[in-house]
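Everything on this sheet refers to the single structure shown next.
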Amino acid sequence: MKTQQCFSCGAREGMRHFEGRGETLTVKGMECRVDDLSGRECQKCGEVEWDPDTDSGERYGEAGDALVIAARQMIGAEMKRTRRKLHLTQKETVQLLSGGGHNAFSRYERGEVFPPKALVLLMRLLDRYPHLLADAKALAEGADLRGTFKFTQHKEHETPTVS
């Protein structure tokens, strides 16, 4: 079995050839398996170079791209369903929850980009506990946090307390 130096970590004779390998890609809890891959893998750092004489790299890349698109669309559909369940427009949702640009929420729902993790978490909480929407609206009205905290001086550090 012929080996060569790894371009990534420099390990001499680190790259070993493989054929017929299957790899499972995972994105946001979704999985896709790509079989019959060939290339070289570094025994020291794990770097993989796909065999240029096969379509391994192309198939692996296409599977990864498709998985990312599917994950974005799944999360987008979930956010759209939750927003509609709460009887909110995209504009209301942005103003109340995300503070992003006027097109941001639309891009999330269409699956063009991943929304921020905090926004996904908030939408999932509101989906599970829709009664919290009234609290979110009330809190948003008084969202000016200036003067909310005061600091008490201690010998070694300051501790925030709610006034």
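Restricting attention to the range 80-105, which residues are in a helix (DSSP H, G or I) and either touching a Ser or Thr at 6+ places or on another chain (Cβ under 9 Å) or crowded, with 16+ Cβ neighbours inside 10 Å (or both)?
Once the filter is applied, which keeps residues that are in a helix (DSSP H, G or I) and either touching a Ser or Thr at 6+ places or on another chain (Cβ under 9 Å) or crowded, with 16+ Cβ neighbours inside 10 Å (or both), the range 80-105 yields Lys80, Thr82, Arg83, Gln90, Thr93, Val94, Leu96, Leu97, Ser98, Ala104, Phe105.
Per-residue answers, yes or no, for (1) in contact (Cβ under 8 Å) with a residue 12 or more places away in the chain; (2) in contact with a Leu (Cβ under 9 Å, 6 or more places away or on another chain):
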| residue | (1), (2) |
| --- | --- |
| Gln5 | no, no |
| Arg21 | yes, yes |
| Lys28 | yes, yes |
| Asp35 | yes, no |
| Gly46 | no, no |
| Ser56 | yes, yes |
| Tyr60 | yes, yes |
| Gly101 | no, no |
| Tyr108 | yes, yes |
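Against the condition free of Cβ contacts under 8 Å to residues at least 60 places away in the same chain and within 17 Å of the chain's Cα centre (by Cα), how does Arg72 come out, does it pass?
So Arg72 passes the test.
Looking at the range 2-30 only, could you name the residues that are under 14 Å from Gly61 (Cα atoms) and of a type in the set (Asp, Glu)?
The one that is under 14 Å from Gly61 (Cα atoms) and of a type in the set (Asp, Glu): Glu23.
With respect to the numbered conditions (1) in a loop (DSSP other than H, G, I, E, B); (2) modelled with pLDDT of 95 or more, which one is the sole condition not fulfilled by Pro115?
The single condition Pro115 does not satisfy is (2).
With Leu37, Leu96, Leu88, Leu67 as the choices, which residue is within 30 Å of Leu125 (Cα to Cα) and in contact with a strand residue (DSSP E or B) (Cβ under 9 Å, 6 or more places away or on another chain)?
Leu67
What is the one condition in (1) closer than 27 Å to Ala140 by Cα; (2) surrounded by 14 or more Cβ atoms within 10 Å (Cβ to Cβ) that Ser56 does not satisfy?
Every condition holds for Ser56 apart from (1).
The values are calculated or read from the model by the stated rules, or taken from the named source; none is laboratory data. Predicted, not measured: the structure shown is a model, and the values here were computed from it. Here the Cβ is made from the backbone with ideal geometry for all residues, glycine too, and neighbour counts use every protein chain on show.
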